[in-house]
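Here is the structure we will look at, set down as structure tokens.
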Amino acid sequence: MSTWQATVRTDACFVVLMSGENSAELTESEEGVLNWFYYVTMPMPASTFTIAVGCWAEVKRKTYATGVQRNDGIFPLFSKADIRLLEGACGHVPYPCRFQEPAATSQVMIPHRIFAPPCLQKSCEEILLPLIPQCLSASYALLGTHPFSRLDVLIVPSNFSSLGMASPHIIFLSQSTLSGGSHLCGTRLCHEIAHSWFGLAIGARDWTEEWLSEGFATHLEDAFWSAAQQQLLADEARERQDLKALLRWQRLRDEVQNSEEDLQVLRPNKENTGKVTESGASVVKHGLNAEKTFMQVHYLKGYFLLRFLAGKAGEAEYFAFLRKFVWRFHEQLILSQDFLRLLLEDIPQLKGYGLSVENIFQKWLDCSGIPKPLLEESQAWQECRLAQQVKEEVVTWVRLNQRARKSGQRKKRREESTFQKAPLKEHLAHTIMGKWLYFLWHKDGLSSDQLVLLLECLLEKKTLCSKTLECLQKTYHLREQDAEVRHRWCELVIKHKYVAGYVDVEKFLKEDQAMGVYLYGELMLNEDAKQQEIAHKIFATTRDQMDVSSAKVVAEMLF
């Protein structure tokens, strides 16, 4: 934990962004050479130090909106009364702390900037620029004082290894978040903003307890995003969060079925968590396991634990506690028991459900597999209204597929030629398939999360014919959706060897590398010569620009 200051010399064409608390103080040391000076006064772990250098342009607001709208009806607003309950000095080493500054504690939105390559400026103006004020104000409404005084958001290239990464005063967002509307960009932005509190201002003392960062950020992502959306009623917010819980439940279930048990434990060191050797060294268990890099278990099981606790406590009371917890432990490193003990002390009714630190360790943090309390809740998410809408459409597509297969077996060559030449909707209006698709083209569209669920349900079906897949893509405009939806579409294309969709797979592997690693494995496992050719061809053209760790994993799949 230390402060730092840095001066970086670059040619004048470059922009330097760092995790410093100041917007860079620029000086020119000689013609065409700039000095960029950054510093921090808050002691931070060295692992949070961040630097980015590139030829970026700042994306500026054309007209500044003075009022920031947020949805105050979903969660209670941050109140100064929360702070008065905990008057006194902070628990960290002395430094100019924002939690002690009246101006900072009342600052709903911190100064922020966006940097991106010129080719993505328009996308940033349309998608990202309006989102940042909404998400920052929503986070303040729920957690109070922003731990950091400013924020830069940088759009990173397609070869960046994840959809986002948070550091003090700066967030990296993948360019993949800018396509297909604002949903993926907004949720990912909320996730990274949440790390300002959990992961940065409050860190894990033992690095094996990643859930203290990622579990909290995943849970807060939903809360922030709900609060940030205008005119979203409380019931609608709950329905959307239930749908998200279902998608995460399915992802966790799949991951548990396909990974080593040791990697599924959130507190792998158990009673030795947080202990160090006489020399002060500690061991990060599984820290060098390449498979763990691509696992989501610490995000998902951590999220479900916090969702479970918030549900038992009541969300208003839970978030009031969370603000107190942030006040008490900001700028400190913690263990799981620090959070759980204070929670059970502050909300004693939780003990009435049989909850204790030891009980939570045993059922949630120290075990592999699916926690038993989670198994009991999963059925309710499957029965939520938004999921039921999707199930109705799944039934329709399954029936359509059955009829399309039968029709394909009976069709004459002349009829097949007619189908290829006529516009799809016009042709379907005169076919038996049209009866099933007519309502799809005349009803409200599904949300991004509903589309993900629809495609995941269809992935479970043994066979989908090419005509069904063609109709599916054109009905929902899948090529124009966000990266999460397009990833599932690519999985369908690969599973059913839909040749017309191979161009979508190639495009995804090139432009959405943060999510493409899994698809390489699918292309190779299918043992199809054409698909394996695609995998080798795309890897050959991108490997020199790929993230080193990702390239190593893909190479092991291919060779």
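Based on this model, can you work out whether Ala103 counts as without any contact (Cβ under 8 Å) to a residue 12 or more places away in the chain, more than 19 Å from Thr48 (Cα to Cα), of a type outside the set (Val, Ile, Thr) and not in a helix (DSSP H, G or I)? Here the answer is no, as Ala103 does not meet what is asked. A count restricted to the stretch 515-537 and to residues that are open to solvent by less than 90 Å² (accessible area, probe 1.4 Å) and under 17 Å from Tyr498 (Cβ atoms) stands at 10.
For first residues located in the stretch 350-370 and of a type in the set (A, V, I, L, M), partners that are not in a helix (DSSP H, G or I) and lie 6+ apart or on another chain with Cβ distances below 6 Å form the pairs Leu365/Leu266; Leu365/Arg267. Among the residues making up the stretch 468-481, those that are closer than 15 Å to Val398 by Cα and touching a residue at least 40 places away in the same chain (Cβ under 8 Å) are Thr468, Glu470, Cys471, Leu472.
Filtered by the rule that a residue be of a type in the set (A, V, I, L, M, F, W, C) and crowded, with 18+ Cβ neighbours inside 10 Å, the stretch 22-45 gives Ala24, Leu34, Trp36, Val40, Met42, Met44.
Given the criteria within 30 Å of Arg188 (Cα to Cα), among the charged types (D, E, K, R) and at pLDDT below 95, does Asp482 qualify? Considered against the rule, which asks whether it is within 30 Å of Arg188 (Cα to Cα), among the charged types (D, E, K, R) and at pLDDT below 95, Asp482 comes out as no.
Within the stretch 256-272, residues that are surrounded by 14 or more Cβ atoms within 10 Å (Cβ to Cβ) reach partners that are of a type in the set (Phe, Trp, Tyr) with beta carbons closer than 6 Å, at six or more positions or on different chains, in the pairs Leu266/Trp211. Do you know which residues across the stretch 115-138 are within 14 Å of Arg188 (Cβ to Cβ) and either in contact with a His (Cβ under 8 Å, 6 or more places away or on another chain) or β-branched (Val, Ile, Thr) (or both)? Within the stretch 115-138, Ile127, Ile132 meet the criteria. Just one of the listed residues (Leu288, Leu375) is farther than 28 Å from Ser139 by Cα, free of Cβ contacts under 8 Å to residues at least 60 places away in the same chain and in a loop (DSSP other than H, G, I, E, B), namely Leu288. Among the residues of the stretch 349-363, is there at least one that is modelled with pLDDT under 90 and of a type in the set (Phe, Trp, Tyr)? Within the stretch 349-363, none of the residues are modelled with pLDDT under 90 and of a type in the set (Phe, Trp, Tyr).
Counting just the residues of the stretch 209-236 that are among the polar types (S, T, N, Q) and more than 20 Å from the chain's Cα centre (by Cα), which one comes out most open to solvent (accessible area, probe 1.4 Å)? Taking the candidates together, the pick is Gln231. When you check Met42 against the structure, is it among the aliphatic types (A, V, I, L, M), modelled with pLDDT of 90 or more and closer than 21 Å to Ser137 by Cβ, yes or no? No.
Filtered by the rule that a residue be closer than 17 Å to Val156 by Cβ, β-branched (Val, Ile, Thr) and surrounded by 13 or more Cβ atoms within 10 Å (Cβ to Cβ), the stretch 542-559 gives a lone residue, Thr542.
Any residue that is open to solvent by less than 10 Å² (accessible area, probe 1.4 Å) and at pLDDT below 95 - is there at least one of those in the stretch 119-140? Within the stretch 119-140, not a single residue is open to solvent by less than 10 Å² (accessible area, probe 1.4 Å) and at pLDDT below 95. Summed over the stretch 126-163, residues that are part of a loop (DSSP other than H, G, I, E, B) and under 19 Å from the mean Cα position of the chain (by Cα) total 7. Within the stretch 49-62, how many residues are open to solvent by 20 Å² or more (accessible area, probe 1.4 Å) and outside any strand (DSSP E or B)? Residues meeting the conditions: 6. Considering only residues in the stretch 151-161 that are touching a strand residue (DSSP E or B) at 6+ places or on another chain (Cβ under 7 Å) and not aromatic (Phe, Trp, Tyr), the one that is nearest to Leu136 (Cα to Cα) turns out to be Leu151. Check whether at least one residue in the stretch 257-264 is at pLDDT 85 or above and within 23 Å of Leu343 (Cα to Cα), and report yes or no. Checking the stretch 257-264: not a single residue is at pLDDT 85 or above and within 23 Å of Leu343 (Cα to Cα).
For (1) open to solvent by less than 20 Å² (accessible area, probe 1.4 Å); (2) in contact with a helix residue (DSSP H, G or I) (Cβ under 8 Å, 6 or more places away or on another chain); (3) of a type in the set (S, T, N, Q), each residue gets a yes or a no:
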{"position": "Glu278", "(1), (2), (3)": "no, no, no"}
{"position": "His286", "(1), (2), (3)": "no, yes, no"}
{"position": "Thr293", "(1), (2), (3)": "no, yes, yes"}
{"position": "Gln296", "(1), (2), (3)": "no, yes, yes"}
{"position": "Gly302", "(1), (2), (3)": "yes, yes, no"}
{"position": "Ala310", "(1), (2), (3)": "yes, yes, no"}
{"position": "Ala313", "(1), (2), (3)": "yes, yes, no"}
{"position": "Arg328", "(1), (2), (3)": "no, yes, no"}
{"position": "Gln337", "(1), (2), (3)": "no, yes, yes"}
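Of the numbered criteria (1) free of Cβ contacts under 8 Å to residues at least 60 places away in the same chain; (2) open to solvent by less than 10 Å² (accessible area, probe 1.4 Å), the one Thr177 fails is (1).
The values are calculated or read from the model by the stated rules, or taken from the named source; none is laboratory data. Since the structure is predicted, the reported quantities are computational estimates derived from the model, not experimental observations. Glycine gets a Cβ as well: all are built from the backbone with ideal geometry, and neighbour counts include every protein chain shown. Ligands, DNA and RNA are stripped out before the accessible areas are found, and what is left, the full protein with its side chains, is counted by its heavy atoms. Shrake-Rupley method; radii C 1.70, N 1.55, O 1.52, S 1.80 Å.
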